[in-house]
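Since every read-out is calculated from the coordinates, none of them should be taken as a lab result. Just so you know, these numbers come straight off a predicted model, no measurement behind them. For neighbour counting, all protein chains shown are included, and Cβ atoms are generated from backbone atoms with ideal geometry for every residue, glycine included.
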Ligand code: PGA
């Protein structure tokens, strides 16, 4: 069975103090309930190191929200994958729709980032998802195909052993509108089938596909109980430890 994976994407939220408090709450709640799922938090880059200190000895994993593909050099404002590794990250989110929408991350750029993360042996949460217009025009699968083909071009299945795909319909992110469990399941099944035909059946069967987009404790169980939904990438609800833990616990209950 695929182990469920719940990750909190804090985005550009929290302060130095509140990030530490949130990390402390999540670490102690996870230690207390010892859920049979993987749990990660992805704080803003300046807080990664201090959060790592708080997570020391806890099973909660640390992820960066983005990274640049070059190793080092004159790239003002960017964070390299080496830097993420250096401060203790096990994971990195790549291709998030906010990166695509506001910061010009194209499929080709994301492909380079994925290649660099593979080279560094970091786990990758690779985000794909359609905007509302595409869904309404029945183009969801075409968009997913383009994003998957572009982002994963040139790799072998052996290189993708640490890949997780996050299906995040853009119209469901931060809007309070969640994809229905059926919509999520159908997109996830499509992604898994695509991975099986593009790579191989084993990789596709083992691949964890997270759903992201307004996941809350109230809707988590219904979405996470779908056969192809292997976890959640959580934005807004990851900023409150009780809400985040509600989602982690929903995943854990389904994993018993
Ligand atoms: P949300 O964000 O849970 O606030 O909708 C999800 C995401 O962007 O990963």
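Using 0.36 nm per residue of separation minus the Cα-Cα distance, give me the extension gain between residue 161 and residue 119 in nm, one decimal.
13.9 nm
So what is the calculated 222 nm ellipticity per residue for the chain, using -39500 (n - 2.57) for each DSSP H run with n of 4 or more, over all residues, to the nearest 500 deg cm²/dmol?
-13000 deg cm²/dmol
Could the peptides 193-200, 110-117 be put in order, highest first, of the mean number of other beta-carbon atoms found within 10 Å of their residues?
110-117, 193-200
Could you sort 222-235, 144-157 so that the peptide with the highest average Cβ count within 10 Å comes first and the rest follow in order?
222-235, 144-157
What full-extension length gain, to one decimal in nm, is calculated for residue 205 and residue 34 as 0.36 nm per residue of separation minus the Cα-Cα distance?
59.0 nm
Give the calculated FRET efficiency between residue 74 and residue 112 to the nearest 0.05, with a Förster radius of 22 Å applied to their Cβ-Cβ distance.
0.80
Among 73, 104, 246, determine the one that fluctuates most according to a GNM of the chain built with springs between C-alpha atoms less than 10 Å apart.
73
If you take every DSSP beta bridge whose two residues both sit in the chain, what share of them, in percent to the nearest 5, is antiparallel?
For the chain, the DSSP antiparallel bridge percentage is about 0.
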